[in-house]
């Protein structure tokens, strides 16, 4: 996953430290405001929102008392599946439009307390 810029799993990578710091700030805001979800967005394609979302989600899942569900809602250019190198038959659009069961669209890339739904 390193060649795909997924660094949050690496213990001694300086980039992973940045995601741990971001995780701490995000979790503080979530807890302060009693929120349980948030979005990562950008004004244009190619800004890095998927890479940030994937690394932040992994970093958050590494927190012992957190579980994370990352949903790729970029329906034009979904990319979360690429970061985890998974091919899925169904995604979030199939769940919304065709009533595909949630169990059919969930992915688990091998990170504890982390699940994802592709676009």
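A crude spin-label estimate for the pair residue 4 and residue 87, with each label 7 Å from Cα along the Cβ direction, gives 1.3 nm.
Extension gain, residue 33-residue 75: 0.36 nm per intervening residue step, less the Cα-Cα distance, totals 12.3 nm. Note on the range 68-84 and the range 20-44: Cα centroid distance 17 Å, given to the nearest whole angstrom.
A simple spin-label model places the labels of residue 97 and residue 17 4.6 nm from each other, with each point 7 Å out along Cα-to-Cβ.
Cβ crowding within 10 Å, taken as a proxy for footprinting-reagent exposure, orders 82, 35 from fewest neighbours to most as 35, 82.
Over the chain, the ratio between the Cα radius of gyration and 2.2 N^0.38 Å evaluates to 1.05. For the range 2-117, the relative contact order comes to 23 percent (Cα pairs under 8 Å, sequence separation of at least 6). Where the alpha-carbon atoms of the range 1-41 are placed on the principal axes, they occupy 35, 20, 13 Å, in descending order.
No lab work stands behind these numbers, since they all come straight from the coordinates. Please read these numbers as outputs of a predicted model, since none were measured by experiment. Every residue, glycine among them, receives a Cβ derived from its backbone with ideal geometry; neighbour counts consider all protein chains shown.
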